[in-house]
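Please treat every number below as a calculation from the coordinates, not as lab data. In this text the structure is predicted, and so the values were computed from the model without any measurement. Glycine also receives a Cβ, built like all others from the backbone with ideal geometry; neighbour counts cover every protein chain displayed.
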């Protein structure tokens, strides 16, 4: 189905199943340890060997010698393979650096080879016996150092610089001018489940159990790197312990497991140790951002300029900091540009809400600062600069934009009117403040297919290569099929993450929920037709409910349709480009913080997100997405920072003790409110995802709350105690 | 993790007889991590978990003798500790996580090693890990490291909480040697400063010696405080921590964690308590040699001492 016109009424609108707060259908499997993750497919794999990655310990240079003799002689070791043993064609789709380096080293901890042993422990111990000699070269590791040479550059095929009107002239002429710079630190996805793969060959066919968000992409990557036909690659990734973008691509574990399995004739498992994740895989790069905003005296934005600088490997993408600035606030004169400098650090790539997660921090602090300069309430300032058309493409109207309602509804719920002047609210030793920020993330849509089958026992089976990275895909797909076919969720079996199933959108960019359910919707429409035909009913008028199919005065059981065997159908959705509409998800974040007036510790006290994203398919799993994202935003605002040691060209805090993500004690009461709306222009489900929306703006709201508490403005995140106490009065 | 031999022992005597060259393991919450990362590669482990030494007993002097194998959770929950040595209970509960405290032992806690990132990355120079290789932390990422008591050889911080409380309580570490002798080491001297010559010693233990107990003197009275400052609310090492016992007349004891290779305290600093936080900090940080990344710790420690003294003053009012 090509989706190119607004959706009329569908069975989904009845809302018997979709839109209800169903608990995760895969929950019991996960809480009882029966969901099999990538590293856990031991059963049925006799002779399984274990691989341990040999990492480069320089950032840039050449391997001059690699001595594996000691490792090969170590107890339990089967083989040691290095780059010299491999012939890998290119790299994984979507990645820039090679998954296996050598002799050229492209970044610290780049894989150079694999020790293969009978046990994980033996492989790990032997990896330490591999001696690598290098000829190191000087590299570029400082964003400040390469900023002057950075070039305008677009991310992921998008434009580098966009303009509308005459930004410079309008800014120059503006009655009120605002011009500040902001910095955000580099982030690691730091998901719970490490990258892990098990590979097994049968003849020339590869089976790869892995942890991956995009099954079809990974089939393509493996086939291309191994120079075999895609039909020979079977990828399975039914359960994934978090991805945050880092699992959009195949990594070193996947290719090394495949190569080692081919070489040894055994299945081989490779789990990436925690310490390699930070430097071996991908990160969200550090950014510098400049905001120039010119307004009239009344606060109307006349000129909006947002420029970003980040560094990446040659050929990589910049962090697309200005992406959402193109679409959020009004202003007839606009300049948005991303710049990229060449750095020899590990590759930066798409981590959850790429660009927007950190771009929104800078923009939302700037909006707070400017509101104060204008003497306006920050909410009023945002409301007066709302735009129902896409400000950068004024011919396009947003299909579903309720930012103003999110801000105003949130203000009411949060008690925004209690907010006091900066640095004036005190509770004992605590300085207390409130902050607000807009949340915006594009509502991307992607081709997605599914198969659905009505079994002879009346159960429904859904199959698609869609993935569930902890988001709730299993559940919303079960709900979609349940609604369309008139069966409860517990009679739907959803099978995901298998390349043998129809290609889906995969998970990423918060497009998965809407795209994959829309593809399944089409498959269900087709199956309803099959069922109706079998029952000699009019498919267009038939109502599927409670295990029955009703049309006119006829009532049939679903079982009647499958008396002679199961019925199945496939379907897929495609989305054209719209000339008339822009698609986005919107929200408002509210945060109250306490700042310890002695120590500068910031502790979040309350958080509220009000979101508008079309139909919410499942309010429980959607809420989980948003509160998880809000938590990630707390990390970005207050603690998460990959620290570059420029002497060694690496992120030196490469463990979870020194790269601090929030813990439970950091996360207080979180409220999430979804506006009751639908977006018929978006897709057949009239729904959008929220997994990235929940992150955008959070850091800005926290920074604004910290300012409101202390009266001291910080323009870089994370805001750590030394930054905070620098602006606090002496308590002694 | 390199292959190693593993022996279980059922008494301190057996453990000592197992001889020098073996590494003792109890909770394993630090050592096993280091073995997995190949930071240490012992040939031989002697498991103390069945060796007794797990009681908290009153001493003739009116104090408490805490067996080396008493788990951190049990120690923090002991009613005598809570009543008379509250700073110790609070310090323990400010550290690690519930699961780790359930495993970690009193002696093991004292023996925990630095959290310096250069100690943890085996590809980089570290005099602690590899004597003579150098100290990558100098001019490196030193935000969490020590500002005083360091040398050109090492910037490590002692990451513990429990030992900081033991410092203000004047605890004594009881040690047995393979020869059958026992001796005591004041907590103030247990953790070593790196000094100017290799190797960088961390503990005042001789080869083969075994910690058998930690002895607390009779209760000091006063009001007890443990204030730990960190980037997140839990499960993080101290940027700075302050242990304090303040008496009704305003005098007392203070020790700092997170700023030095050992819990950091001095008589001069204690004597300055009535003059306030700045005077205390001035005494504590005399001769400090902070790095660019961690110079803030001196200001942060001063402010945290001020917070504790303000709370103590309020409690006395």
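For the pair the range A:48-88 and the range A:510-530, the centres of their Cα atoms are 46 angstrom apart. Taking packing as the residue-averaged number of other Cβ atoms within 10 angstrom, the listed peptides A:436-444, A:183-191 run from highest to lowest as A:436-444, A:183-191. Sorted ascending by nearby beta carbons within 10 Å, beginning with the fewest, A:610, A:432 become A:432, A:610. In whole angstrom, how far apart do the alpha carbon centroids of the range A:444-480 and the range A:691-727 sit? Using only Cα atoms to place each centre, the spacing works out to 40 Å. Between residue A:30 and residue A:500, the simple label model (points 7 Å from Cα in the Cβ direction) yields a spacing of 2.5 nm. Working note: 222 nm ellipticity from helices only, DSSP H runs with n ≥ 4, each -39,500 (n - 2.57), summed and divided by the residues of chain B, gives -7500 deg cm²/dmol to the nearest 500. Label zone (residue A:578, point 7 Å along Cα-to-C-beta; backbone nitrogen cut-off 13 Å) within the range A:374-407: A:389-390, A:395-402. Per-residue shielding of B:113-126, expressed as the average number of other chain Cβ atoms within 10 Å of the residue Cβ, stands at 4. If you plug the beta carbon distance of residue A:393 and residue A:676 into 1/(1 + (r/R0)^6) with R0 = 25 Å, you get a FRET efficiency near 0.35.
Among the residues of A:650-661, the average count of other protein chain beta-carbon atoms within 10 Å of the residue beta-carbon is 5. The per residue volume of the convex hull around the alpha-carbon atoms of the range B:223-316 is 93 Å³. From least to most packed, judged by other beta carbons within 10 angstrom and beginning with the fewest, A:97, A:363 follow the order A:97, A:363.
Relative to the present Cα-Cα distance, how much length would full extension add between residue A:533 and residue A:89 at 0.36 nm per residue of separation?
This chain segment gains 154.9 nm when fully extended.
Using the Cβ-Cβ distance between residue B:278 and residue B:179 with R0 set to 60 Å, the FRET efficiency from 1/(1 + (r/R0)^6) comes to roughly 0.80.
Just so you know, the Rg over Rh for the protein assembly as shown is 0.99, from Cα atoms, with Rh as the Kirkwood radius.
Considering only chain A, what is the antiparallel percent among its DSSP beta bridges, to the nearest 5? Around 75 percent of the beta bridges assigned by DSSP in chain A are antiparallel ones. The order of the peptides A:400-410, A:154-164 by mean Cβ neighbours within 10 Å, most packed first, is A:400-410, A:154-164.
Order of A:247, A:30 from fewest to most other C-beta atoms within 10 Å? Don't skip to the answer; put the middle values down first.
On the way: A:247 30, A:30 14.
Fewest-to-most Cβ neighbours within 10 Å comes out as A:30, A:247.
A straight line joining the Cα centroids of the range B:237-251 and the range B:142-198 runs 19 Å.
Taking all Cα-Cα distances within the range A:150-297, those exceeding 25 Å account for 49%.
Compute log10 of I(q)/I(0) for the range A:526-678 with the Debye formula, placing one identical point scatterer on every Cα and leaving out solvent, at q = 0.09, 0.10, 0.11 Å⁻¹, to two decimals. Normalising to I(0) and taking log10 leaves -0.62, -0.70, -0.76.
Think of it as helices only: each DSSP H run of n ≥ 4 in chain A is worth -39500 (n - 2.57), and spread over all residues that comes to -7000 deg cm²/dmol at 222 nm. Here the label points at residue B:313 and residue A:667, each 7 Å from Cα along the C-beta direction, are separated by 4.0 nm in the simple model. Take the Cβ atoms of residue B:32 and residue B:102, set R0 to 22 Å, and the FRET efficiency comes out at 0.90. Were the residues from residue A:231 through residue A:605 laid out at 0.36 nm apart, the gain over their Cα-Cα distance would be 129.3 nm.
Inter-chain neighbour count for B:298-307: the average number of beta-carbon atoms from partner chains within 10 Å of each residue's beta-carbon is 5. Spin-label model, residue A:377 to residue A:412: label points 7 Å out along the Cα-to-beta-carbon direction sit 1.3 nm apart. Across the range A:445-575, Cα pairs under 8 Å and at least six residues apart give a relative contact order of 36 percent.
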